[in-house]
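Contents: one structure, followed by commentary.
Just so you know, all these numbers are worked out from the coordinates, no wet-lab data involved. Quick caveat: nothing in here was measured; it's all calculated off a predicted structure. When we count neighbours, we look across all protein chains shown, and the Cβ atoms used for this are built from the backbone with ideal geometry, even at glycine.
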Amino acid sequence: MIGVDLSGADLSGRMLQESWFTDARLVGATLVEADLYRSHAEGADFSGADLTRASLVRAQLDDAVFRGAVLDGADLVKASLYGVDASAASLRGTRLMGASLIDVDLRGSDLSQAVVSENSFKVTVDETTTFTGMSGTLFGPVRLIGRGAMKDISGAELEQWLRTLGGDVQVLEGRG
């Protein structure tokens, strides 16, 4: 299904393990509780899609677009997210354990109650990104954009910054 256009399709609850959605258009699609275990969706456009409680375990999502998508309660354990645009996405309660988030745009996203565990977390955020209740461990740095300035924060500074925003995240050293 490389390059297929499934915009607006309802794929809720579907078993789509090891599927190929590379460069697919899934704009506004509904994938509630869909199982995309080990699927390939490199370069796919999920803008505005609903992936609530979807399983994206070990999915390859590099260069995908999740702008304004809903991934609440989704399972992204060991998923690969390099160069992803997830701006204004809802990731409330999402499990991102062991996932690689490198060069991911999370500006305006909601990561409330998200769980991370030893994640590579080289992401871009802004003052509207929400971390309330986020918990676990991650490797930084995080690029913070705001008030006309840009700053990379990591280590103890990142850990303290996340705590001031209501997160309970330990920042690990060694990766990033």
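Structure data summary
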| read-out | value |
| --- | --- |
| Kirkwood hydrodynamic radius (C-alpha pairs) into Stokes-Einstein, the chain, 4 °C and 1.567 mPa s, D in µm²/s | 83 µm²/s |
| FRET efficiency estimate (nearest 0.05) - Cβ-Cβ, Glu33 to Asp168, R0 25 angstrom | 0.35 |
| Whole-angstrom Cα spans of segment 62-162 along principal axes, big to small | 32, 25, 23 |
| Equivalent ellipsoid dimensions for segment 1-78 as semi-axes, Å, which come from the Cα gyration tensor, largest first | 15, 14, 12 |
| Given charges at Cβ of Lys, Arg, Asp, Glu: the chain dipole, positive-most of Ala29, Ser100, Gly8 | Ser100 |
